[in-house]
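*Asks:* Sharing a structure, written as structure tokens. Questions coming.
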Amino acid sequence: MPAVVLIGAQWGDEGKGKATDVLGSRVDYVVKFNGGNNAGHTVVVGDETYALHLLPSGILSPGCIPVIGNGVVVDLRVLFEEIDGLESRGVDTSSLLVSSAAHVIAPYARTLDNVTERFLGSRKIGTTGRGIGPAYADKINRIGIRVGDLYDDQLLQDKIEGALEQKNHLLVKVYNRRAISVDEVAEELTSYRDRLAPHVTDTALVLNQALDAGKTVLFEGGQATMLDVDHGTYPFVTSSNATAGGACTGAGVGPTRISRVVGIVKAYTTRVGEGPMPTELFDASGEHLATVGHEFGTTTGRPRRCGWYDAVIARYSARVNGLTDFVLTKLDVLTGLEKIPVCVAYEVNGVRHEDLPLDQAAFAAATPVYQEFPGWSEDISGARSFEDLPEAAQNYVRALEEISGCRMSAIGVGPGREEIIVRHDLLGEPA
Ligand code: IMP
């Protein structure tokens with residue numbers, strides 16, 4: 001039975017929510033394994049649009065059990081805001097499972113995220129300001145607070161005291177901010193624990209047992225490959241492993257159990273925040289992509305930087321994730337363009353690179369080598385099979401497939417749930 005990992009193949013916002021949602025009704029568990037409420041999935045169901053940040057998008061599929069794995073950092077305030085928002089629209093969230101080993105985002109992590117960014121000035125990362133980096137830093141520094149700790153008053157008190165001893169020095173002496181009291185942190189964290197209790201469990205055990213019992217499990221990556229702390233454009237990355245390997249560590253499931261790895265890739269490229277992006281556009285074409293593609297952040301509302309499809313990055317993603325399939329999203333956004341350039345390689349100081357340059361400075365200096373493809377003007381949102389697409393669109397997809405290192409098994413042709421062409425079943429046998 002399939003254990004499918006689904007990850008973003010670019011810099012995020014590839015439309016993972018939609019791809020997950022398409023599978024959601026056929027999977028038994030959807031697991032979030034990294035990140036926190038820095039993510040943003042927009043899922044359109046009928047006339048309703050849902051913007052999810054922390055909850056796995058499987059929460060919208062009846063019968064599917066949503067799981068927040070140990071690799072996630074949880075802002076409890078946001079979790080319950082999101083739960084309340086969904087419940088008020090009639091979505092049942094009672095089956096949600098939360099790992100007792102997941103870390104919580106304490107209020108001081110949010111504060112530190114924002115003051116650190118301000119302090120960095122022109123060297124800032126452009127984070128979402130949700131406390132993600134500081135929460136993961138505490139985890140690695142072994143001073144983090146885990147969900148399970150909320151149920152042990154003494155331990156919780158000790159941990160908050162220990163953490164604040166350091167943080168308050170930093171906040172007061174370096175950043176010139178007010179100190180945060182142990183009580184206010186304890187109060188925020190404990191205020192949610194009774195509501196959280198029925199959801200807390202050993203999710204790694206549950207998931208392994210589910211796989212033993214032949215259930216289908218979907219591991220949904222937050223952020224994306226190029227934002228991965230190890231494999232992305234460091235330091236302009238998030239603080240977790242957003243690549244496929246993160247599913248194993250972030251959910252407690254061994255690599256031998258994973259049967260499929262699906263990369264979501266947009267028919268063009270976007271990026272939020274700082275850092276290099278070789279195909280970024282500053283002209284009318286970039287505006288076309290931003291406007292037609294509604295490229296504004298689900299989480300922060302920030303306009304996204306837009307550019308042409310970057311096959312160097314797609315190939316890199318296929319490799320570091322061991323992709324078995326791509327889902328190509330938002331092909332419809334390219335409709336109406338006369339010519340569509342695709343970046344097939346980079347040039348760095350006069351040298352052609354087929355693969356990602358080794359270091360940060362070389363990547364920042366990379367300029368795209370483009371190959372142009374003819375566009376199409378027909379509305380493609382009604383296409384449900386590959387043959388329904390205009391020939392130029394078919395050729396564009398075939399060309400991407402050839403240069404990106406993996407087959408394109410599904411193609412998004414519009415924002416709606418049903419606006420997708422499925423060429424190969426993502427839950428079926430891999431190629
Ligand atoms: P952080 O995850 O808030 O620490 O932000 C680090 C970088 O990741 C910034 O460039 C953010 O804009 C980016 N980022 C974080 N989450 C997402 C996402 O879900 N989509 C796109 N970019 C993201």
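Read-outs throughout are calculated quantities, based only on the coordinates presented, and are distinct from any laboratory measurement. Keep in mind that this is a model prediction, so the values were computed, not measured. When we count neighbours, we look across all protein chains shown, and the Cβ atoms used for this are built from the backbone with ideal geometry, even at glycine.
*Asks:* All other residues with a Cβ under 13 Å from the Cβ of E378 taken together, and with Lys, Arg as +1 and Asp, Glu as -1, what is their net charge?
*Replies:* Around E378, the charge tally is -4.
*Asks:* Net charge within 15 Å of A197 by Cβ-Cβ distance, Lys/Arg positive one each and Asp/Glu negative one each, not counting A197 itself?
*Replies:* Surrounding charge for A197 is -2.
*Asks:* Give the percent of DSSP beta bridges with both residues in segment 267-406 that are antiparallel, rounded to the nearest 5. It would help to have the intermediate numbers written out before the result.
*Replies:* Numbers: 16 of 18 bridges.
Given both bridge residues lie in segment 267-406, the antiparallel proportion sits at roughly 90 percent.
*Asks:* Quick one: go through segment 40-84 and flag any residue whose amide nitrogen is under 19 Å from the point 7 Å out along the Cα-to-Cβ line of A197.
*Replies:* 76-77, 80
*Asks:* Next up: Any chance you could give the angle, 0 to 90 degrees and rounded to 10, that helix 391-404 forms with the longest Cα principal axis of the chain?
*Replies:* Taking the Cα atoms of the chain, the angle to 391-404 is about 60 degrees.
*Asks:* Can you give the % of DSSP beta bridges in the chain that are antiparallel, to the nearest 5?
*Replies:* On the way: 25 of 59 bridges.
Looking only at bridges with both residues in the chain, the antiparallel portion is about 40 percent.
*Asks:* Let me ask you something else. How many angstrom lie between the C-alpha centres of segment 340-408 and segment 134-181?
*Replies:* If you average the Cα positions of each part, the centres end up 46 Å apart.
*Asks:* Could you please report the charge total around A345, scoring K, R as +1 and D, E as -1 over all other residues with beta-carbon less than 13 angstrom from its beta-carbon?
*Replies:* Numbers: positive: R315, R352; negative: D310, E347, E354, D355.
Cβ neighbours under 13 Å give a net charge of -2.
*Asks:* Rounded to the nearest angstrom and ordered from largest down, what semi-axes does the equivalent ellipsoid of the chain get from its C-alpha gyration tensor (root of 5λ)? Walk me through the intermediate numbers first.
*Replies:* Values: eigenvalues 257, 136, 69 Å².
Here the semi-axes work out to 36, 26, 19 Å.
*Asks:* Measure nothing fancy, just the Cα-based angle from helix 107-120's long axis to the longest principal axis of the chain, in degrees from 0 to 90, nearest 10.
*Replies:* 60
*Asks:* Hey, what did segment 266-422 get for relative contact order, percent, Cα under 8 Å, at least 6 apart? Please list the in-between numbers first.
*Replies:* Details: 296 pairs, mean separation 39.6, N = 157.
Value for segment 266-422: 25 percent.
*Asks:* Separate question: What residue among D158, D28, D47 has the largest mean-square fluctuation in a Gaussian network model of the chain, using Cα springs under 10 Å?
*Replies:* D47
*Asks:* Using a Gaussian network model on the chain with a 10 Å cutoff between Cα atoms, which of G275, G382, G250 fluctuates the most?
*Replies:* G382
*Asks:* When only Cα pairs under 8 Å and 6 or more residues apart are kept, what is the percent relative contact order across the chain?
*Replies:* Once divided by the residue count of the chain, the mean separation gives 20 percent.
*Asks:* Between 0 and 90 degrees, rounded to the nearest ten: what's the tilt of helix 153-169 against the longest Cα principal axis of the chain?
*Replies:* 70
*Asks:* Follow-up question, since we're still on this one. Please give the calculated 222 nm ellipticity per residue for the chain, where each DSSP H segment of at least 4 residues contributes -39500 (n - 2.57) and the sum is spread over every residue; nearest 500 deg cm²/dmol?
*Replies:* That calculation yields -9000 deg cm²/dmol at 222 nm.
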